[in-house]
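FYI, it's all coordinate maths here, none of it is from the lab. This one's a predicted model, so the numbers in the text were calculated from it and none came from an experiment. Here the Cβ is made from the backbone with ideal geometry for all residues, glycine too, and neighbour counts use every protein chain on show.
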Amino acid sequence: MKVSVIGAGAVGAFYGAKLQTSGLNVEYYSKTLAKHAKNKIKIKSIWGDFEIQVKVFSQTTGMSLSDLVIISTKVTNLQEDAKKILVLIQPIIHEKTILLFLQNGINMEETISKKIKNPILGGLAFTCINRRSPNVIHHLDYGLVKIGALNSAHKKIAREVVNLFQNAKIEVQFTNDLRRSRFEKLLWNVPFNSLSVICNTNTKILIQNQNIKKLCYELMNEVRMIANHEGKKITQTMIKEMIQRTENMQPYKTSMLLDYESKKKMEVDAILGQLVSLAKKYKLFTPHLNSIYAILDLYNQQIEELTFLN
């Protein structure tokens, strides 16, 4: 099977490299990684360190046709990024190419499905992972990937991709309800990505502060309310378990905080904005979510203005 990774940041590069070690033919699209002369990825992982030679491209037009395309780009504006993704994947897909969206947030699979008929899967990486330099990936904790199909007709294909990940010694589960799993991931991303930026600190310090911990519960319950309105049942037990896992994990700088420190646009729309729109559509009262979104949207505007001025 030929595999392409579109957006070889921390998540894409790590899971792509793991798939490559299992014998799959993997190519990577990454303008950042393509600038690195040796084109090697070094992985420092709780699952074992390794280094691997990779084929990296700065344009997708030079890449091979793929059977599986893993899209792991950041989503800073869902509608605009969906259009960019469609342009990027066009040279490398055929009618049976499987698209796996290994991204944060919600609504990307649904948006892409309106424009393309290929099998569409979603993947959720429950992991602590970041890129400290262009070709060095640090996998600090956890690592589970949940994979499901947007369309029930493609569940068999989703299970086949789960098997590929298992063969690569990646902790992976099939999810029968992709959208519910998206909400489950947002339970963590909404409070901890957001508050790590506003408080400018790591997850360990956040979770040890009782006032911030209470705010995390409030935000998680608002995500839960939106999910339950759609019939995607999220329980209080799940929220408590997620808080406990965060208390036990290594101190972690979230991807959103790393982007903020690097003066890069953050995934505010994907993680927060889409939920705010859903709450408005369903006429649900989400004051904490609305407030956090307003603050971080302003941060993004300031980053955009700074980038323009430079």
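If each of Lys44 and Val87 carries a label point 7 Å out from its Cα toward its Cβ, how far apart are those two points in nm?
Calculated label separation equals 3.6 nm.
Tell me, in nm to one decimal, what length is gained between Met249 and Ala153 on full extension, where the rule is 0.36 nm per residue of separation less the Cα-Cα distance?
Length gained, Met249 through Ala153: 30.9 nm.
So how strong a dipole does the stretch 180-309 carry about its Cα centre when Lys and Arg Cβ are +1 and Asp and Glu Cβ are -1, to the nearest 20 debye?
Using Cβ point charges on Lys, Arg, Asp and Glu, the stretch 180-309 gives about 460 debye.
For the stretch 2-175, what is the relative contact order in percent, using Cα pairs closer than 8 Å and at least 6 residues apart in sequence?
22 percent
Of Val162, His139, Ile129, whose Cα points farthest to the positive end of the dipole of the chain (charges on the beta-carbon: +1 Lys, Arg; -1 Asp, Glu; origin at the Cα centre)?
Working it through, the farthest residue towards the positive pole turns out to be Val162.
Quote to one decimal, in nm, the extra length available between Phe285 and Glu218 on full extension: 0.36 nm per residue of separation minus the C-alpha distance between them.
22.9 nm
Along Cα→Cβ, 7 Å out, is where each label goes; now give me the distance between the ones at Leu65 and Asp297 in nm to one decimal.
Rounded to a tenth, the inter-label distance reads 4.4 nm.
On a full-extension model of 0.36 nm per residue, what is the gain between Ala34 and Glu230, subtracting their alpha-carbon distance, rounded to one decimal in nm?
66.4 nm
Place a point 7 Å from the Cα of Lys169 along the Cα-to-Cβ direction; which residues of the stretch 47-67 have their backbone N under 15 Å from it?
Label zone hits: 47-52.
What angle, in degrees between 0 and 90 and rounded to the nearest 10, separates the Cα long axis of helix 287-309 from the longest principal axis of the Cα atoms of the chain?
Once rounded, the angle reads 50 degrees.
Would you mind getting me the FRET efficiency between Asn209 and His94? Use the beta-carbon distance for r and R0 = 41 Å, nearest 0.05.
0.20
Would you mind counting up the charge near Ser291? Only other residues with Cβ under 15 Å from its Cβ, with Lys and Arg at +1 and Asp and Glu at -1.
Here the count lands on -1.
Can you work out the Karplus-derived ³J(HN,Hα) for every residue in the stretch 135-141? Use 6.51 cos²θ - 1.76 cosθ + 1.60 with θ = phi - 60°, whole Hz, and x for glycine or proline.
10, 10, 10, 10, 9, 8, 6
Is the C-alpha gyration tensor of the stretch 102-240 telling us rounded, prolate or oblate? Criteria: a/c under 1.5 is rounded; beyond that, a/b larger than b/c is prolate, otherwise oblate.
Oblate, because a/c is 1.5 or more while a/b does not exceed b/c.
Run down the aspartates and glutamates and flag those whose C-alpha is under 14 Å from the C-alpha of Lys40, throwing out any fewer than 8 positions away in its chain.
Glu27, Asp49, Glu51
Would you mind calculating the relative contact order of the chain from Cα pairs under 8 angstrom and at least 6 residues apart, reporting the percent as a whole number?
This gives 15 percent for the chain.
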